[in-house]
1. Does segment 168-178 contain any residue that is closer than 23 Å to residue 34 by Cβ and outside any helix (DSSP H, G or I)?
2. Please specify each residue of segment 43-61 satisfying the condition of being part of a loop (DSSP other than H, G, I, E, B) and either touching a helix residue (DSSP H, G or I) at 6+ places or on another chain (Cβ under 7 Å) or within 16 Å of ligand 2 (Cβ to nearest atom) (or both).
3. Going through segment 191-204 one residue at a time, which ones are more than 18 Å from residue 160 (Cα to Cα) and surrounded by 16 or more Cβ atoms within 10 Å (Cβ to Cβ)?
4. Can residue 40 be described as within 15 Å of the chain's Cα centre (by Cα), surrounded by 20 or more Cβ atoms within 10 Å (Cβ to Cβ), away from ligand 1 (no atom under 11 Å from the Cβ) and assigned to a strand (DSSP E or B)?
5. Among the residues of segment 109-123, what is the count of those that are modelled with pLDDT under 95 and in a helix (DSSP H, G or I)?
6. What residue, among those in segment 43-55 that are closer than 15 Å to residue 200 by Cβ and buried (at least 21 other Cβ atoms within 10 Å of the Cβ), is nearest to the chain's Cα centre (by Cα)?
7. What are the residues in segment 146-171 that are within 11 Å of ligand 2 (Cβ to nearest atom) and under 21 Å from residue 204 (Cβ atoms), if any?
8. Which members of segment 43-57 meet the condition of being within 6 Å of ligand 1 (Cβ to nearest atom) and within 15 Å of residue 82 (Cβ to Cβ)?
Ligand code: ADP
Ligand code: ADP
């Protein structure tokens, strides 16, 4: 586990019209996420949430400022060297593999020993209630089960941090409520530093230890859900 810090971070995308200096998607973002904290980035579409998350993941270059994971500046470090696992809304499961194989695949690529892979897969499956489905392929799973497999693939890596980009947005309302409860439980159990992006305020308030509110690429407020609710 590790803290994550953004210090004066900008992201400028080229383009944005004639004579413009580009689109400033993230503007001078200062945010420190404590070791083991569940931080939610919330705000309307286009406010820069995904860009911020993708910069932490290393999927997007930082235009200015510093990004630290633990005590190290990681601005130029590729995603695979950041020891972070990302969960997307579109699951990205391998359709030809069973749940078990999907969970194990990333670990096999990393040359982790077979008994260790089996231990981690069994543990994640138990935590996520996936044991009955280990031999099924993704096509034979519900949306919620697929999303659990996607989370399982992140968990088995035992990373320093989880990054989640709207992981529940493809689920129906009932499943979202269930998955919010599962996410809370998982975080309690694992205590892994998590950065979670959503445009849904209820999700932000029920999941976050703290919530960072973004608008037009800028940080407007960052506080506990309780304090934000008291002083909206
Ligand atoms: P959010 O996740 O809050 O919806 P994004 O981070 O996706 O916001 O986008 C922030 C801003 O950056 C928006 O104005 C968006 O249009 C712009 N943007 C995002 N990705 C790109 C890109 N690859 N190229 C140019 N502009 C982008
Ligand atoms: P990791 O856990 O590091 O993402 P994976 O083995 O799950 O490792 O994936 C390896 C690479 O393949 C990653 O870059 C991932 O984004 C990509 N990937 C994962 N699932 C799919 C899929 N169903 N189709 C195409 N690419 C995928």
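1. Quick first cut of segment 168-178, residues closer than 23 Å to residue 34 by Cβ only: none.
No, that holds for no residue.
2. If the condition is that a residue be part of a loop (DSSP other than H, G, I, E, B) and either touching a helix residue (DSSP H, G or I) at 6+ places or on another chain (Cβ under 7 Å) or within 16 Å of ligand 2 (Cβ to nearest atom) (or both), then 43, 58, 59, 60 are the ones that fit.
3. Kept after step one, since they are more than 18 Å from residue 160 (Cα to Cα), are these residues of segment 191-204: 198-204.
Residues satisfying the conditions are 198, 199, 200, 201, 203, 204.
4. In short, yes.
5. Residues meeting the conditions: 2.
6. 49
7. 150, 154
8. none
The values are calculated or read from the model by the stated rules, or taken from the named source; none is laboratory data. Everything quoted here is computed from the prediction, not taken from an experiment. Cβ coordinates were reconstructed from backbone atoms using ideal geometry, including for glycine residues, and neighbour counts include every protein chain displayed.
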